[in-house]
Amino acid sequence: MLNSEIVFRDAYRMFCIFMSDKAIFDMTPEDQQVWGGSQRSEEPLFRLRHQYIEDEVNHTLINLAICNRTHMERRKGLHGVDYPSAVCGKLTKDVGAEGEEDMSLREACNKIIHAEKLVATFLKDGTVSRFFSGEMEPMHHEMWLFGEFFGKNWKAELDVLAFLRATADNFELS
């Protein structure tokens, strides 16, 4: 049996990571928004953000996906409860062909678990940058996941906030 309190805490932690990112950039003077190389930011929170954000996001997202899938399968097997129908983003099953479809929570979990590459999107000048921009802008709440299935490259555009909402609903947060 999964401990739902741990799942809720992880979902809340992930929510806080994404919501605090812009605030960290806003509180850090522009000339201190540096990471790596010979420069060092004087803002400790900016340094903490860059030290841990990638691992925290990737590990927490994968953990939540595994917990969601395990819980969904258990509920379906034991209680006949259908999988949640929440939409958590868009899926392109074959990048070489046209067409995308809504991505369910179950499919989002599959894509997170099997992704070969996870890429954050960023906010640049108040608009979403849909490409890797060097991590010197705050993250947006959308991640792009890439992988391969039966010789076809797929791409998933995961709405992290929708995924977290669906996670809370899946575990029936009261």
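Throughout, read-outs are computed from the coordinates displayed, never taken from laboratory work. The shown structure was predicted, so the numbers you read here are calculated from the model rather than taken from an experiment. A quick note on method: Cβ atoms are made from the backbone with ideal geometry, for glycine too, and the neighbour counts reach across all protein chains shown.
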What does the charge add up to near E148, with Lys and Arg as +1, Asp and Glu as -1, over the other residues with Cβ less than 12 Å from its Cβ? +3
Within segment 49-76, the residues whose backbone N lies under 16 Å from a label point placed 7 Å from the Cα of H114 along the Cα-to-Cβ direction are 65-66, 69-70
Would you mind counting up the charge near L64? Only other residues with Cβ under 11 Å from its Cβ, with Lys and Arg at +1 and Asp and Glu at -1. +2
Rounded tilt (10° steps) of 44-79 against the dominant C-alpha axis of the chain: 0
In whole Hz, what ³J(HN,Hα) sequence does segment 87-92 give by Karplus (6.51, -1.76, 1.60; θ = phi - 60°), x for Gly and Pro? 8, 10, x, 10, 10, 10
Label selected from [x] 56, 41, 24; [y] 101, 40, 32; [z] 58, 44, 37, the criterion being Cα extents along the principal axes in Å as computed here: [x]
Could you sort the peptides 97-104, 161-168, 83-90, 53-60 by per-residue average Cβ neighbour count (10 Å cutoff), highest mean leading? 161-168, 83-90, 53-60, 97-104
Taking the mean number of other Cβ atoms within 10 Å as a proxy for protection, how do you rank 109-119, 18-28 from highest to lowest? 109-119, 18-28
Measure nothing fancy, just the Cα-based angle from helix 160-170's long axis to the longest principal axis of the chain, in degrees from 0 to 90, nearest 10. 40
Segment 4-170, dipole about Cα centre (Lys/Arg Cβ +1, Asp/Glu Cβ -1), debye to the nearest 20: 580
Given a Förster distance of 22 Å, the FRET efficiency implied by the Cβ-Cβ spacing of Q32 and E54, rounded to the nearest 0.05, works out to 0.65
